[in-house]
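Okay, structure first, notes after.
The values are calculated or read from the model by the stated rules, or taken from the named source; none is laboratory data. Fair warning: this is a prediction, and the values are worked out from it, not measured in the lab. Methodologically, a virtual Cβ is constructed for each residue, glycine included, from the backbone with ideal geometry; neighbour enumeration extends over all protein chains shown. Ligands, DNA and RNA are excluded from the accessible area calculation, which covers all protein heavy atoms including side chains. Shrake-Rupley method; radii C 1.70, N 1.55, O 1.52, S 1.80 Å.
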Amino acid sequence: MQPFVFQGLLFREFLDTDAQDFANAARESVDTVGRWMPWCTASFSEQNALDWFAMCRASRDAQTGHEFGVFSEDAGRLLGGVGLNAINQQNLFCNLGYWVRQSAQRQGVAHRTVRAMLPYAFNTLGMHRVEIVIAAGNVASEAVARKAGAQFECTARNRLQLHGGPVPASIYSVIP
């Protein structure tokens, strides 16, 4: 997977040398990202990041996921992450998930990230549908999906597990 740039953001696979920055970003973001992504905790460690990076490489090799770090193009600062995962090759659709570290939120990073990933999903991976599944109550993520042109389709009951229990999720989709 080749790194690429889109509107001031650099997208590339995570390297093991990113582990400390990733762990710092996770711990910084417990109050925002951690509300919606249970992996984002105050105890997130460098080893947790390395384990995640290994899972990312394995999913890429299996063609079930393409995970990217999102970095500032100018300074190379880790801003967050994005993934096209749960790839269904038979029906040509996948999930798009994204997060932005707390100190980089409200700067258009998530919107630019989604806009960068859609052409990758359609043109590079050959998908015919991209789904964005958002836990009920995550209004910021829903706003990003809508702004990027995703269409709300439904609320799916018990669609996600969050902090030990099932929660409904809004299902958004984008088609080429």
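Anything in region 33-58 that is more than 14 Å from the chain's Cα centre (by Cα), surrounded by fewer than 18 Cβ atoms within 10 Å (Cβ to Cβ) and not basic (Lys, Arg)? List them, or say none.
Taking region 33-58 first, the residues more than 14 Å from the chain's Cα centre (by Cα) are 35, 41-51, 54-55, 57-58.
Okay, now just the ones that are also surrounded by fewer than 18 Cβ atoms within 10 Å (Cβ to Cβ), so 35, 41-43, 45-48, 50-51, 54-55, 57-58.
Result: THR41, ALA42, SER43, SER45, GLU46, GLN47, ASN48, LEU50, ASP51, ALA54, MET55, ALA58.
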Hey, could you check region 50-75 for residues that are assigned to a loop (DSSP other than H, G, I, E, B) and not acidic (Asp, Glu) and say which is farthest from ALA110 (Cα to Cα)? ALA62
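Table: residues versus (1) closer than 14 Å to MET37 by Cβ; (2) open to solvent by less than 50 Å² (accessible area, probe 1.4 Å).
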position: ALA86; (1), (2): no, no
position: VAL100; (1), (2): yes, yes
position: TYR120; (1), (2): no, yes
position: THR124; (1), (2): no, no
position: ALA140; (1), (2): yes, no
position: CYS154; (1), (2): no, no
Testing VAL130 on (1) within 13 Å of the chain's Cα centre (by Cα); (2) over 16 Å from THR32 (Cβ atoms); (3) not in a strand (DSSP E or B), one condition comes back false. Which one is that? (3)
Determine, yes or no, whether ALA86 is at pLDDT 95 or above and in contact with a strand residue (DSSP E or B) (Cβ under 7 Å, 6 or more places away or on another chain). yes
